Amino acid sequence: GTSVPMLTITPHATPTSSTVAVSGALTVGGAITASAGITMGDGKSILLDPTPGTDHTATGLTATFTAGEALAFGDLVYLKPADGEVYKADADDAVNAGGRAIGLAIETISDGAAGVILLDGIARDDTWNWTVGGAIYNSTTDGGLTQTAPSGSGDKVQVLGIALHADMILFRPSMDVIEVA
């Protein structure tokens with residue numbers, strides 16, 4: 001087992017304390033749910049897997065949102081203030097393009113259903129064919145991503161991240177949006 005100041009964890013044991021302090025590595029095979037903040041010491045970090053191992057996977061910071069329309073893996077989404085739901089972002093949508101893209105759907109989500117949205121992290125789709133090191137932008141296609149910045153009059157340009165591999169992106173959307181004149 002691993003001994004920590006407030007609790008001893010042994011294989012197949014269920015912790016009964018609400019506080020666990022660990023010095024060194026802790027490997028968890030399932031989800032960790034925190035009802036309060038998680039504190040890390042100076043110089044500590046959370047290590048994300050830089051290479052999601054299979055198609056249509058992601059690693060990073062996620063949140064659950066209700067979809068205002070059907071979404072698929074890889075759809076870029078914005079949060080619509082009128083109803084608090086996420087919809088496919090579109091760089092040339094005159095009405096909704098001002099809503100900054102906030103995330104990437106990382107699963108199929110039905111209209112009206114709750115689903116997981118990647119807010120910051122790494123995503124893999126084996127049908128992507130990115131130029132490594134190139135910026136990723138919002139597209140003029142609903143929910144789409146592109147390596148060509150939108151250039152039509154009135155289009156909204158938002159940098160969403162960078163290509164790490166032909167089929168992987170570092171998704172870290174900028175909150176800066178520039179309108180093409």
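The values are calculated or read from the model by the stated rules, or taken from the named source; none is laboratory data. The structure presented is a predicted model; accordingly, all values stated were derived computationally and were not measured. We place every Cβ from the backbone using ideal geometry, glycine too, and count neighbours over all the protein chains shown. Calculation scope for accessible area: heavy atoms of the full protein, side chains included, ligands and nucleic acids excluded. Shrake-Rupley method; radii C 1.70, N 1.55, O 1.52, S 1.80 Å.
Contact map, segment 159-181: first residue within 21 Å of Thr51 (Cα to Cα), second residue assigned to a strand (DSSP E or B) and polar (S, T, N, Q), Cβ cut-off under 9 Å, separation 6 or more or different chains; pairs are Leu160/Asn138; Pro173/Asn138. Looking only at segment 77-86, residues that are under 17 Å from Gly121 (Cα atoms) and of a type in the set (Val, Ile, Thr) come to 1 in all.
Here the strands (runs of 3 or more DSSP E) wholly within segment 28-88 that include at least 3 residues being in contact (Cβ under 8 Å) with a residue 60 or more places away in the chain and surrounded by 10 or more Cβ atoms within 10 Å (Cβ to Cβ) are 57-66.
If the condition is being closer than 18 Å to Gly74 by Cα and open to solvent by 60 Å² or more (accessible area, probe 1.4 Å), then segment 142-181 contributes Asp142, Thr148, Val159, Ile162, Leu164, His165, Arg172. Only residues that are of a type in the set (S, T, N, Q) and either under 13 Å from Ile122 (Cβ atoms) or in contact with a His (Cβ under 8 Å, 6 or more places away or on another chain) (or both): list them for segment 55-76, please. Answer for segment 55-76, where residues must be of a type in the set (S, T, N, Q) and either under 13 Å from Ile122 (Cβ atoms) or in contact with a His (Cβ under 8 Å, 6 or more places away or on another chain) (or both): Thr57, Thr59, Thr62.
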